[in-house]
Amino acid sequence: MKRPSFTLEQLRSFVAVSETEHISRAAASLFLTQAAVTQQVRHFERAIGLQLFERDRRRVRLTDAGRLMADTCRAALRSAEVVEDSALAMRHLHAGSLELGASPTCATYYVPPYLAMFNRQYPGIKLAMSVEPSADLNRRVLVGTLDCAMIEGEPDPQLVVHEMTRDELILVAHRDHPLSGLRRISEGDLTMHLYLGRGPQWSAEKHVRAMLGDAYDRVDVLNLGHPEYVRAALLAGLGFCALSTRAVAADLASGAVKRLPIPSVQRSINATRRSSRGGPAQEAFWELLTGGRLTTSARISADGA
């Protein structure tokens, strides 16, 4: 095996600078001097024969090559961590780390019971979770910067997929909203009111398009990103929206929100991972997700039970 022309320390310095685009902040996060970080990055650029940053007096900016290399280097560092984790796992997972990803609905309603169970079983494992759109999580699992993810969007066909449950997406409005008083709603009715969306990068919008039909492209839209921001605008009476039944279960029960007479959509909640074997913490968590270890009271159902 060919010996690499760079070191892990150079990788760490490059990744730290790529995340902040600032030498002094990267140096502080690594507990190194600015000079040391600058030298490590320059050595790394020379070793691979690429310019990774554009530099000026105030800060540095990633080049196109730098952006492509950043994910690859994060994955390499994660692989190095897995080597350490494997050794630590000889003591029955008393130490190690687990890098997880989740889309917003999954992070809010589906992942926490599994994290709690895993943490009780393996309190020495350091947990980290990134909340991002499903497409971004697919990419990060593929390149290796995440061990596994739980998503509500379409999984990448190259990943191993396990369906956890089904989630119901429904159309809702505040009880005082004009749409809440209608027994039947046409596409024309919808286009007269503001739709509270997430944004085109979020997978839920594909399902909403199917629910609204042609009205989806004609309605006025306010994109708010995270579903909880959408719910807050809903409760303020700003417009109508599509949310998981779990997200508005309490609001429906209290009468603050009304379900609109538009057919709902069922979407899969999937756990994803790479096909290759991961570190001990990843394998233990995957076994928890797919092996049915949760007690009946902790299992997740789409209706919020």
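The values are calculated or read from the model by the stated rules, or taken from the named source; none is laboratory data. Quantities reported herein were computed from a predicted structural model and do not represent experimental measurements. Don't worry about glycine lacking a Cβ; one is built from the backbone with ideal geometry, like all the others, and counts go over all protein chains shown. Protein only, heavy atoms only, side chains kept; ligands, DNA and RNA dropped before computing areas. Shrake-Rupley method; radii C 1.70, N 1.55, O 1.52, S 1.80 Å.
Can you name the residue in region 1-23 that is assigned to a loop (DSSP other than H, G, I, E, B) and within 18 Å of R58 (Cβ to Cβ) and, of all such residues, is farthest from the chain's Cα centre (by Cα)?
Out of the qualifying residues, it is H22.
Quick grid of which residues meet (1) within 25 Å of the chain's Cα centre (by Cα); (2) acidic (D, E); (3) within 22 Å of Y109 (Cβ to Cβ):
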| position | (1), (2), (3) |
| --- | --- |
| A256 | no, no, yes |
| R267 | yes, no, yes |
| T272 | yes, no, yes |
| G279 | yes, no, no |
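Specify the residue that is nearest to A47 (Cα to Cα); the eligible residues are those in region 6-23 that are in contact with a Phe, Trp or Tyr (Cβ under 6 Å, 6 or more places away or on another chain) and open to solvent by less than 50 Å² (accessible area, probe 1.4 Å). First the steps, then the outcome.
Step one: filter region 6-23 for residues in contact with a Phe, Trp or Tyr (Cβ under 6 Å, 6 or more places away or on another chain), giving 6, 10, 14.
Those left that are additionally open to solvent by less than 50 Å² (accessible area, probe 1.4 Å): 10, 14.
Numbers: Q10: 10, F14: 12 Å.
For region 6-23, the residue satisfying everything is Q10.
Could you grab me the full set of residues in region 199-233 that are hydrophobic (A, V, I, L, M, F, W, C) and either within 16 Å of E152 (Cβ to Cβ) or more than 23 Å from the chain's Cα centre (by Cα) (or both)?
Of everything in region 199-233, those that are hydrophobic (A, V, I, L, M, F, W, C) and either within 16 Å of E152 (Cβ to Cβ) or more than 23 Å from the chain's Cα centre (by Cα) (or both) turn out to be W202, A204, V208, A210, M211, L212, A215, V219, V221, V230.
Look at R46 and say whether it is more than 15 Å from R74 (Cα to Cα) and among the charged types (D, E, K, R).
The answer is yes for R46.
Applying the selection to region 69-87, what residues are open to solvent by 30 Å² or more (accessible area, probe 1.4 Å), small (G, A, S) and modelled with pLDDT of 85 or more?
Quick first cut of region 69-87, residues open to solvent by 30 Å² or more (accessible area, probe 1.4 Å) only: 69, 71-72, 74, 76, 79, 81-84, 86-87.
Cutting the leftovers down to small (G, A, S) gives us 76, 79, 86-87.
Result: A76, S79.
Inspect all residues belonging to region 40-50 and state whether any of them is in contact with a Pro (Cβ under 9 Å, 6 or more places away or on another chain) and either in contact (Cβ under 8 Å) with a residue 12 or more places away in the chain or over 18 Å from R140 (Cα atoms) (or both).
Yes, that holds for at least one residue.
Do you know which residues across region 44-59 are under 14 Å from S24 (Cβ atoms) and within 30 Å of the chain's Cα centre (by Cα)?
Once the filter is applied, which keeps residues that are under 14 Å from S24 (Cβ atoms) and within 30 Å of the chain's Cα centre (by Cα), region 44-59 yields only R59.
Restricting the search to region 209-252, which residues are in contact with a Phe, Trp or Tyr (Cβ under 8 Å, 6 or more places away or on another chain) and in contact (Cβ under 8 Å) with a residue 40 or more places away in the chain?
L212, L234, G239, F240, C241, S244, R246, A247 - these are the residues of region 209-252 that are in contact with a Phe, Trp or Tyr (Cβ under 8 Å, 6 or more places away or on another chain) and in contact (Cβ under 8 Å) with a residue 40 or more places away in the chain.
With the condition kept exactly as written, say whether any residue in region 143-150 is closer than 30 Å to A215 by Cα, open to solvent by 30 Å² or more (accessible area, probe 1.4 Å) and touching a residue at least 40 places away in the same chain (Cβ under 8 Å).
Looking for residues that are closer than 30 Å to A215 by Cα, open to solvent by 30 Å² or more (accessible area, probe 1.4 Å) and touching a residue at least 40 places away in the same chain (Cβ under 8 Å), one finds none in region 143-150, hence no.
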